[in-house]
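Data first, discussion second: the structure below is written as structure tokens.
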Amino acid sequence: MHQGKASLPEPGNGSPDPRAAERRWRERVRLLSRIMTHPGGDTDAHLAEALRLITAYFGADAGVIGQVEEARMVVRYVHAPDGGPAPGERLPLDGTCEGLVLQAGEVVAVEACEGAAPCLEHAGLTAYLGVPLPVRGKPYGVLGLWFRSSSLGPAGAEDRSLLATLAGWIGTMLARRQDEQDLRRREARYRELIGSTLAILWEGDPETFAFSFVSREAEALLGYPVDRWIEEPNFWVEHIHPEDRGWAPAFCARATEECRRHTFEYRMIAADGRVVWLRDVVNVLAEDGRPVRLVGVMLDITEQKEAERQLREAEAKFRALVEQSLTGVYIIQEGRFAYVNPMLAEIFGYTPEELLRGCTVMDLVVEEDRPLVAENIRRRVEGEEEAIRYTFRGRRKDGRQIYVEVHGLRATYQGRPAVIGTLLDVTEQRRAQQEREQLITELEARNAELERFTYTVSHDLRSPLVTIQGFVGLLREDLKAGRRQAVEQDLDHIEKAGITMRQLLDGLLGLSRVGRLVNPPKKVSMDDLVGDVLVLLGGELEARGVAVAVQPGLPVVYGDRIRLSEVLLNLIGNAVKFMGDQPHPRIEIGVEDREGQPCFYVRDNGIGIDPAYHEKIFGLFERLHTGIDGTGIGLALVRRIVEFYGGRIWVESEGAGKGSTFYFTLPPPPDGT
Ligand code: ADP
């Protein structure tokens, strides 16, 4: 390969033809002026035209402007009327003329030299003239002129410096083109950005609110062409919803006056009558403290507002339901109430505020049930169980215990685990149920007793009847036979049997009366009552020489005096009756404290009762000592009366000959009587 720079003749320096040199000089000036004064506008077209002129000036077959990229040259501009590389084509650099130019960093002319230069051969060139292209002072690429059929023309010092000048100028143009491209790209990006947001950018006058600019999305927003936004001076105010027109412009005006950036939400009316909700974020640009321009972004928030409205409505509906519910509703989080409805507060006797601020959940639970409640809350919060329904004992603000049934679900509230549930006060139901159960037990007991009763009554009443019938028969015979003494005896037997029957019937009558309240209950002094009964039994006690000891200061009880005296009468009467042959008969009447409750007692040192019969003797017609007068009704009656008043009666005795003590409890008078 031959670099022919040394072989080129220098024009004006020993040039054989001064006129030719002169002509060349003129051509150079024309070229430069044509290139440089080319009408502005499209830089690309300008560069293409410049390349055409340069190619023609140097008599080349092709002009190429290439950009170097990673050891290759990418063809950017080409002028090749008879064929050449295509724009965008990547040419090799290594061992080519372009490579030489880059290496040399200055104008390089390669003359034809018997086709031995591979750099020329590769493109079928016969000669080459090239110059490096700097862009903004940095190497960019190469401006190359290819000679195929034509040979390299005169490339003296002037032409070389002309080429260098042109390269500088092209570099400047390429830089400008890059700037233009950058700008276009940036613009496109902004346009894309603005176009992709639903926001409308606008610019307006701080005094009149007339728009000087609105982005094209405004058209889609309200359906009015952008021109109308800008041309109608009152477009904004006139299209604000009448309900917002009163405040929104005034709000904006005040903030603008104070040069304050502001955000507000209002409605506008679209061309088709639709109501469009907007959020307007307005920046006030000021100079010397005075607003000069408003720049804002409007966002269409109609859907969001609609969703908010629906949510608000739904919430209002559910809130009303919950607030008015007859069931307690709560949300528990970290041991405290995050929400309670008024009913829940009412159930526990608090106000909702007291429960939300001052109380923990456990404050509403009786101590014994706290572990149960804590465990049930834990199981739901930790996800072991989704829903639990159970009953616990709650404590009201006034200290009263209530039964509550809860049904709680695991939930998430404000992003954290919680329990949401409903609660019912079931105290009344519980009480009713307990009463019902008690009633059923009692009824069953009564039924059983009634059966026993019917049986024993018919049995016990039959024996005096049988006696009467028997003696009536005997009486008839004795009368016929005129046995006067026998008649008397028969009549005695009949009379006795009659008395027995009467006693039995009286006893039964007394028993049947117990359940019916004859007199309303009132305070009764046990002291007085015992005194009265002892007077009644005075004769018997004296006849048997029984010593009676009464504990002074017996408490006052509550009940029907007559019924209560029947209790004492029977117990003291039995004590006298079942004294046996005790040489020092003694009865003690008093009261003992048993488990904090006063227990009255009637103690004797009589024949005693075998422990096997301690329960049995309270049954109707149950008698252990048939040789002794009696009906077996007394203790059954006593038990009925005591139990009617809510008390209890039982006997304690170590057995035969060891005496007996009958204990019974009676309720104290209720407060305020
Ligand atoms: P009654 O006295 O008419 O026999 P009660 O119902 O009063 O009937 O008493 C039932 C039975 O209990 C008596 O028959 C008697 O065997 C026994 N009993 C009652 N009180 C005493 C007592 N204080 N000591 C020993 N046994 C008694």
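The values are calculated or read from the model by the stated rules, or taken from the named source; none is laboratory data. The structure presented is a predicted model; accordingly, all values stated were derived computationally and were not measured. Here Cβ is always computed from backbone atoms with ideal geometry, including for glycine, and neighbour counts include all displayed protein chains. Ligands, DNA and RNA are excluded from the accessible area calculation, which covers all protein heavy atoms including side chains. Shrake-Rupley method; radii C 1.70, N 1.55, O 1.52, S 1.80 Å.
The table below gives the values:
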| read-out | value |
| --- | --- |
| Ratio Rg/Rh [Cα only; Rh per Kirkwood] for segment 556-673 | 0.97 |
| Segment 428-513 - Rg (one decimal) and Dmax (whole number), Cα, Å | 21.9, 76 |
| Student exercise, segment 195-307 dipole from Lys, Arg, Asp, Glu Cβ charges, in Debye to nearest 20 | 240 |
| Inter-probe distance in nm under a simple model that places probes 7 Å from Cα toward Cβ, at ALA20 and SER512 | 16.5 |
| Charge dipole magnitude, Cβ of K and R +1, D and E -1 - segment 18-173, Cα centre, debye nearest 20 | 600 |
| Within segment 518-673, percent of DSSP bridges classed antiparallel, to nearest 5 | 85 |
| Helix-only mean residue ellipticity at 222 nm for the chain, each DSSP H run of n ≥ 4 adding -39500 (n - 2.57), per residue, nearest 500 | -14500 deg cm²/dmol |
| Sorted peptide list for 616-624, 393-401, criterion being average Cβ within 10 angstrom, highest first | 616-624, 393-401 |
| Added length on full extension, which subtracts the Cα-Cα distance from 0.36 nm per residue, ARG648 to LYS522 | 43.5 nm |
| Helix runs (DSSP H) in the chain reaching 20 Å along axis by Cα, Kyte-Doolittle at least 0.0 | 43-58, 561-577 |
| The chain - percent of accessible surface contributed by carbon and sulfur, probe 1.4 Å | 52 |
| Volume in Å³ per residue [convex hull over Cα atoms, computed for segment 325-425] | 85 |
| Computed Kirkwood radius, in angstrom, where 1/r is averaged over Cα pairs of the chain | 39.9 |
| For the chain: accessible area per residue (Å², 1.4 Å) | 56 |
| Geometric extent, Cα atoms of segment 195-307 - Rg, Dmax (angstrom) | 13.3, 43 |
| Percent RCO, i.e. relative contact order, over the chain, from Cα pairs under 8 Å lying at least 6 residues apart | 6 |
| Translational diffusion coefficient (Stokes-Einstein; Kirkwood radius from C-alpha pairs) of segment 231-379 at 20 °C, 1.002 mPa s, in µm²/s | 106 |
| Gap separating the Cα centres of segment 234-258 and segment 312-327, nearest whole Å | 36 |
| Rounded Å value of the spacing that divides the Cα centres of segment 631-664 and segment 393-457 | 33 |
| Protection proxy ranking of 362-373, 25-36 - average other beta-carbon atoms within 10 Å, highest first | 362-373, 25-36 |
| Cβ-derived FRET efficiency at R0 41 Å, VAL426 paired with ARG312, nearest 0.05 | 0.70 |
